[in-house]
Amino acid sequence: MIPTDGYSEVRETMVRHQIESRGIQDQRVLAAMRKVPRHEFVPVSKQREAYEDRPLEIGSGQTISQPYIVAKMTELLALTPDSRVLEVGTGSGYQAAVLAELASEVVSVERFEELAGVAQARLEALEYGNVTVVVGDGTLGCRERAPYDGILVTAAAPQLPEALRSQLAIGGRLVCPVGSRDLQQLKIVVRKGEAEFDEHESIRCMFVPLMGREGWSG
């Protein structure tokens with residue numbers, strides 16, 4: 001059911017003009033984008049801007065990604081209702097909520113304790129009981145809960161973190177922006193066997209840097 005919260009029509013417009021028109025076809029992803037109240041995941045002062053075609057600052061030097069990018073990365077994961085997902089970079093919690101609409105379990109790692117706390121409280125208030133937010137170095141994943149059917153990285157890495165590749169289940173998919181600090185390309189990794197991975201690239205993008213042991217150091 002699509003919620004009636006005063007923004008339903010704006011969300012529908014967002015999906016039609018920013019997402020469907022650019023080639024996103026997965027009906028489950030489109031339904032999730034229509035349902036999740038994006039305005040609840042930004043500062044109150046920015047709620048009227050929440051459905052615009054751009055990222056927004058959320059504090060601590062972090063952003064909530066452009067709606068199209070959220071939908072594109074989610075579609076690339078090819079999730080099923082039984083999927084277990086790791087998200088690296090909780091931020092506002094919006095991407096985690098979209099993933100929670102599509103998967104059975106979402107583990108989201110955030111390095112900023114304040115952002116993690118706000119996101120977990122927000123997700124709980126919106127009754128996303130299948131999301132757990134963990135504070136830590138996202139470049140190392142969350143090994144104690146591995147393996148994952150999908151891993152989504154919402155910050156830019158200089159190279160694919162090996163720790164994340166190793167936490168993919170057989171048949172699992174990893175989507176991560178890789179490149180310089182100024183420009184990246186989405187990379188998709190599919191684990192075919194214990195030591196067998198297929199890799200290919202998708203669209204160019206721009207994300208905040210992925211900081212950590214297997215990311216940027218400063």
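Computed from the coordinates by the stated procedures, all read-outs in this text should not be read as laboratory data. Computed from a predicted structure; not experimentally measured. Glycine gets a Cβ as well: all are built from the backbone with ideal geometry, and neighbour counts include every protein chain shown.
Data overview
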{"item": "Residue (of A155, G138, I170) at the positive-pole extreme of segment 112-170, dipole from beta-carbon charges", "result": "I170"}
{"item": "Residue with peak Gaussian network fluctuation, the chain [Cα springs, cutoff 10 Å], from S92, S83, S202", "result": "S202"}
{"item": "Under 25 Å from K192, Cα to Cα: lysines that are on another chain or at least 8 residues apart", "result": "K72"}
{"item": "Tensor-based shape of segment 1-94 (alpha-carbon gyration tensor, a/c under 1.5 rounded, otherwise prolate or oblate)", "result": "oblate"}
{"item": "Amide H within-cut-off set for M211, under 5 Å, with H built and near neighbours excluded", "result": "W216"}
{"item": "GluC sites (Glu not before Pro), loop per DSSP, at most 13 other Cβ atoms within 10 Å - longest free stretch of the chain", "result": "1-126"}
{"item": "Amide H within-cut-off set for L168, under 5 Å, with H built and near neighbours excluded", "result": "Y148"}
{"item": "Selected from L79, L168, L183 as most flexible by GNM, with the chain as the system and alpha-carbon contacts under 10 Å", "result": "L183"}
{"item": "Percentage relative contact order, the chain, counting C-alpha pairs under 8 Å, at least six apart", "result": "14"}
{"item": "Net dipole in debye of the chain [+1 Lys, Arg Cβ; -1 Asp, Glu Cβ; about Cα centre; nearest 20]", "result": "300"}
{"item": "The chain: most fluctuating residue of A169, A195, A156 per GNM, C-alpha cutoff 10 Å", "result": "A195"}
{"item": "Of every Cα-Cα pair in segment 108-159, the percent that sits beyond 12 Å", "result": "68"}
